[in-house]
Amino acid sequence: QVQLVESGGGLVQAGGSLRLSCAASGSKFSINAMGWYRQAPGKQRELVASITSSGSTNYADSMEGRFTISRGNFKNTVLLQMNSLKAEDTAVYYCNARITSTVYWGQGTQVTVSS
């Protein structure tokens with residue numbers, strides 16, 4: 001059924017940038033919203049940013065100004081541009097999608113920021 005595939009994670013130096021991509025497939029309904037969450041070791045999963053089908057965006061306070069979420073050129077894709085990365089941004093980043101009342105998750109992609 002619905003699958004989310006993330007890409008773009010990796011190792012980057014502090015102050016650098018990464019762009020994450022997520023592609024959703026298999027849905028017979030329109031995607032209402034897509035977003036990015038992250039989970040660092042020993043911490044709860046937290047919202048990074050989200051975007052609705054109408055283009056409305058939402059950011060966690062600590063990410064706004066550094067991270068930008070946008071819809072990709074291909075159908076049902078979402079991008080996360082991460083700039084000015086900090087060591088505390090190190091986490092597994094998960095893509096999600098909400099379709100009607102159901103939320104789907106990708107497997108995650110590791111982002112490691114070194115000092």
Going through region 36-78 one residue at a time, which ones are among the aliphatic types (A, V, I, L, M) and surrounded by fewer than 19 Cβ atoms within 10 Å (Cβ to Cβ)?
ALA40, LEU47, ALA60
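Restricted to region 93-115, and to residues that are among the β-branched types (Val, Ile, Thr) and within 21 Å of SER25 (Cα to Cα), which residue is surrounded by the most Cβ atoms within 10 Å (Cβ to Cβ)? If you could, list the steps in order and put the result at the bottom.
Kept after step one, since they are among the β-branched types (Val, Ile, Thr), are these residues of region 93-115: 99-100, 102-103, 109, 111-113.
Add one more test, that the residue is within 21 Å of SER25 (Cα to Cα), and what stays is 99-100, 102-103, 109.
Values: ILE99: 18, THR100: 10, THR102: 12, VAL103: 12, THR109: 22.
Among residues in region 93-115 that are among the β-branched types (Val, Ile, Thr) and within 21 Å of SER25 (Cα to Cα), the one surrounded by the most Cβ atoms within 10 Å (Cβ to Cβ) is THR109.
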So which residues in region 55-75 are of a type in the set (A, V, I, L, M, F, W, C) and closer than 15 Å to ASN96 by Cα, if there are any at all?
ILE69
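If we scan region 95-114, do we find a residue that is part of a strand (DSSP E or B), at negative phi and in contact with a helix residue (DSSP H, G or I) (Cβ under 7 Å, 6 or more places away or on another chain)?
Step one: filter region 95-114 for residues part of a strand (DSSP E or B), giving 95-99, 102-105, 109-114.
Of the ones still in play, those that are also at negative phi are 95-99, 102-105, 109-114.
Checking the rest, the ones that are also in contact with a helix residue (DSSP H, G or I) (Cβ under 7 Å, 6 or more places away or on another chain) come to 111, 113.
Yes: one or more hits.
Confirm whether GLU46 is within 18 Å of TRP105 (Cα to Cα) and among the acidic types (Asp, Glu).
Values: within 18 Å of TRP105 (Cα to Cα): yes; among the acidic types (Asp, Glu): yes.
So GLU46 fits the description; yes.
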What is the residue count in region 15-33 for residues that are surrounded by 14 or more Cβ atoms within 10 Å (Cβ to Cβ) and either β-branched (Val, Ile, Thr) or over 19 Å from the mean Cα position of the chain (by Cα) (or both)?
1
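Bear in mind that the values in this text are calculations on the coordinates, not laboratory data. Quantities reported herein were computed from a predicted structural model and do not represent experimental measurements. Quick reminder, even Gly has a Cβ in these numbers, built from the backbone with ideal geometry, and neighbours come from all protein chains shown.
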